[in-house]
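Below: the structure, in structure tokens.
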Amino acid sequence: MARRREAVVRGAVSAGLVGPRAPLAGFLDADGIRRSVADLQAAFADVPEVLHTFAVKAGSLVPVLRLLAERGMGCEVASPGELAQALAAGVPPGRIVLDSPAKTWNELAHALDLGVAVNADSLEELHRIDVLLDGATPRSTLGLRVNPQVGAGAIGAMSTATAHAKFGVALHDPGAVEQVVRAFATRPWLTRLHAHVGSQGCPLELIAAGLKETYDLAERINAELGRRQVTSLDIGGGLPVNFADDEVTPTFAEYVQHLRRAVPGLFTGAYALVTEFGRALLAKNGFLVSVVEYTKESGGRRIAVTHAGAQVATRTVFMPEAWPLRIGAFDPRGREKTAPDVVQDVAGPCCFAGDLVARGRELPELEPGDLVVLLDTGAYYMSTPFTYNSLARPPVYGFTTAGGGTADQVRFGTVREGQTLRSVVVESGLDQVEALVSLVPGPEGGPGTD
Ligand SMILES: *Cc1c(COP(=O)(O)O)cnc(C)c1O
């Protein structure tokens, strides 16, 4: 693993993809992504009917969606932008699931028109769907998201099944289950229940407990209605990722083993299943590489100033306890450094003091021109930039070592071009440059008087 990574970093330096003139780039492991998809599919191989969707927010890059689609996956989307990306990648509408707590009338109408599956987030949203369908039979599979309120995992912001979470119909609220049963009774087209119990930090026990409640609710609805109206269960994503070392744990197979014990009914074929994994498919299949621009000492602490900060590692910078990242130290040619460890901070380029991706970390002493590698950043990081300081979005490259494992055998392909300065300026209103001065009359004789 480490040897292969070094070959890729060395190959990237030789190819000029990262270095003094290209100080920051993301890299995605095309072989690894394929393997992760295969592991997911193998784990569910016994389930008669299953649609694996990829949670697009974890890797909103069209070539990534395309690769996943080519391996048979669909997409879970939660915004018009993500839906457009999935369609642009060639994902058939029938393999797209729209989840979002804030779907507008227009977004719902568009999804129903396309035949994209929709999970309503509330009973109010079901009323909108009633109006839009106007008695017609939908082409889309329609479901309802529920919140089994089983509690929080280790990261509050990632826990979607707490008592007050904003997602889904809160099942433990008084009268909620009865309301849900009635919602199904009056809508024969409502055939799916959806739960996504949480993301990173949610233990498997918690996810399983939430899915058990969801499964039991489906059984109850079907029993009360006297027909098998609920035919599919969307079990969400949220498999946690190990950010501590290279081991993939828990695996998809372990997840399924766990679920099988906790909710055996899920695997009998009585319900078709939909999954929505994001982080577990991509996180360990990508890393960011940045040049160390300067090093300095401040108050007795050594700091390496790099180009990878809050704009690409937003969560790590703002919530360092919840989102620690491993950092690798490489020399300017891309060879892993072996110098003795020194306690250092690794800082980003943003203009605020907290822009650090590691504090007091023991790493081989970094020098200007060296490279730092932010490991396990294939999901959410490089594809979800933050435009602070108008820093340009870095390029993202895919790689494969299928043709051989040495640095000169690694093959790269561009997934996303680095953002140009022209694009930075256009996105910040270039075409409207006069908008404000022309709104307010200028001083007599000034540029705004005519
Ligand atoms: C974010 C999200 C996912 C994916 O979560 P991961 O932790 O990346 O697997 C799946 N479903 C929904 C509804 C989500 O919001």
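The values are calculated or read from the model by the stated rules, or taken from the named source; none is laboratory data. What you are looking at is a predicted structure, and each value in this text was computed from that prediction instead of being measured. Every residue, glycine among them, receives a Cβ derived from its backbone with ideal geometry; neighbour counts consider all protein chains shown.
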T249 versus (1) within 30 Å of P395 (Cα to Cα); (2) touching a strand residue (DSSP E or B) at 6+ places or on another chain (Cβ under 8 Å): which is the lone unmet condition? (2)
With the condition kept exactly as written, say whether any residue in the range 13-27 is assigned to a helix (DSSP H, G or I) and closer than 25 Å to G369 by Cβ. yes
Any residue at all in the range 30-46 that is outside the structural domain of Y294 (by TED's automatic domain parsing) and among the polar types (S, T, N, Q)? yes
For the range 257-295, give me the residue count where each residue is polar (S, T, N, Q), surrounded by fewer than 22 Cβ atoms within 10 Å (Cβ to Cβ) and either touching a Lys or Arg at 6+ places or on another chain (Cβ under 9 Å) or not in a helix (DSSP H, G or I) (or both). 2
Kindly indicate the residue of the range 134-160 that is surrounded by fewer than 18 Cβ atoms within 10 Å (Cβ to Cβ) and of a type in the set (D, E, K, R) and also nearest to the ligand (Cβ to nearest atom) among those meeting that condition. R139
Sole exception among (1) away from the ligand (no atom under 16 Å from the Cβ); (2) out of contact with any strand residue (DSSP E or B) (no Cβ under 7 Å at 6 or more places or on another chain) for V256, by number: (1)
Suppose we filter P48, P93 for residues that are over 14 Å from the mean Cα position of the chain (by Cα) and exposed (fewer than 15 other Cβ atoms within 10 Å of the Cβ); which single one remains? P48
